[in-house]
Amino acid sequence: MKKKSSAPSKGDTAAVEEHGELSEESVDPSAVPTDSADSISLPPAESELSSDEDSSGDDLYLRRSEQRGSSPEPSAMLTDDRLIESTGRYREVPEGFWQRLVYEVSFHGINPGDSRAVRARKEMDARISVPFEAGTKFVPVLTRKGGVGKTTVTTLLGMAMASVRDDRVLAVDANPDRGTLAERVPSGSGATVRDVVKLSAGIGSFTDFAELVSRDKTRLHVLASDTDPLLSEAFDEDDYNVVADQAARFYSVVLTDCGTGVVHSVMRPTLERANGLVVVSGGSVDEARLASETLTWLEANGYGELVKNSVVALNTATQGTNVVKLDEIENHFESRVRGVVKIPYDPFLAAGSVIEWNRLSPYTREAARELAALVVEGMRERISR
């Protein structure tokens, strides 16, 4: 049977030419092809036409900019995480014995990723190395009792930060009783805070300031206090502000190793500049009480927010810790501050001499790194008082 054609007849064609259009009655809906291959592409409706064709170049640019966002993306948005493929082919060479072995035996075809220990280390590095907003961050390290390891804790904190962070870290010895902070690092300059005060007008660059500091392999810089107790005692509020202002020009983090007297003249500007705080406590009953009373004094004198944001370093190497319930001391301080870190006994610390980061026990380094991470995480902009 011959299939009926859907093409218009000569009469229909003539009607179109005469009248310009087909009437609804002259079109058989069943005769319109539905096959996509034979369908006729109709021009878009007027509302669907792109307005780009009728717009000037300036109008088109503005409209497309609005579609992308209210402002152009800054260069900081071009991060590695955004631009680099995360597939195994582009992953870094794994760390860890078995992980590296599998990677090499498979001719780099299998990348199992880092070991658990390496992942934990990198996570800690990331916590410590978080970049700060504009402005130097000041962190005083203080206690009301000598001999609990305040200077040692300052050194450990500074080394843990400096070994990971990309910016500069400075530790200032503001102890009026002949501090020994500079003796904890191997390379000494012989200069002190007094030299910074005297030469401040001539310090024009970081190179000038760097000539006055001591340093170690972790890149920690240390500014010593005066060795003469009389000169140390003369180091007052104005002197500290001169040193702090100079340090703020070149360093992102400034740690201050304070004296044991909370009413010393240097303490007020130290606390006024503080973005974080570390209170050091020994593991004996009286040492813990004095540290807790220090927190109470700070709260009573307008530094309540600073106390809540502070970290307690609990030195478990002091005398009497073997008969004291350290967990109870830890629980007490956790109710008052944002974190507590136990500093374990380490023979290289007990010697009271130069501290070499790589010679410390893994437990000591890990405690110092946890302390650094907590301090960095708790940094805040200084509140004007």
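The values are calculated or read from the model by the stated rules, or taken from the named source; none is laboratory data. Only a predicted model underlies this, so the values are computations on that prediction, with no experimental measurement involved. Please note: Cβ atoms are built from the backbone with ideal geometry, for glycine as well, and neighbour counts cover all protein chains shown.
Return a yes/no flag: does the range 324-333 have any residue that is under 21 Å from residue 137 (Cα atoms) and either touching a residue at least 24 places away in the same chain (Cβ under 8 Å) or aromatic (Phe, Trp, Tyr) (or both).
The answer is no, given that none of the residues of the range 324-333 is under 21 Å from residue 137 (Cα atoms) and either touching a residue at least 24 places away in the same chain (Cβ under 8 Å) or aromatic (Phe, Trp, Tyr) (or both).
Collect the residues in the range 168-177 that are charged (D, E, K, R) and buried (at least 17 other Cβ atoms within 10 Å of the Cβ), keeping them in residue-number order. Before you say what the answer is, go through the steps one by one.
To start, the set of residues in the range 168-177 that are charged (D, E, K, R) comprises 168, 173, 177.
The answer is 168, 173.
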Q. Only one residue in 262, 197, 243, 222 is assigned to a strand (DSSP E or B) and either of a type in the set (A, V, I, L, M) or in contact with a His (Cβ under 9 Å, 6 or more places away or on another chain) (or both), so which one is that?
A. 222
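Only residues that are farther than 22 Å from residue 146 by Cβ and either in contact with a strand residue (DSSP E or B) (Cβ under 8 Å, 6 or more places away or on another chain) or free of Cβ contacts under 8 Å to residues at least 24 places away in the same chain (or both): list them for the range 305-322, please. Spell out how you get there, then give the answer.
Keep residues of the range 305-322 that are farther than 22 Å from residue 146 by Cβ, which gives 305-306, 308-309.
Listed by number, the list holds a single entry, 306.
Can you tell me which of 312, 278, 254 is under 22 Å from residue 200 (Cβ atoms) and at pLDDT 95 or above? Before the answer, list the steps.
Numbers: 312 fails: under 22 Å from residue 200 (Cβ atoms); 278 fails: under 22 Å from residue 200 (Cβ atoms).
None of the other options fit; the residue is 254.
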**Q.** Boolean, residue 281 is in contact with a Lys or Arg (Cβ under 7 Å, 6 or more places away or on another chain) and among the hydroxyl-bearing types (Ser, Thr, Tyr)
**A.** no
Q: Within the range 120-147, track down each residue that is assigned to a helix (DSSP H, G or I) and free of Cβ contacts under 8 Å to residues at least 40 places away in the same chain.
A: 120, 121, 122, 123, 125, 126
Q) Quick one: in the range 188-224, which of the residues that are among the hydroxyl-bearing types (Ser, Thr, Tyr) and within 14 Å of residue 155 (Cβ to Cβ) is surrounded by the most Cβ atoms within 10 Å (Cβ to Cβ)? A) 214
Q) Considering only residues of the range 342-356 that are in a loop (DSSP other than H, G, I, E, B) and of a type outside the set (S, T, N, Q), which is nearest to residue 330 (Cα to Cα)? A) 344
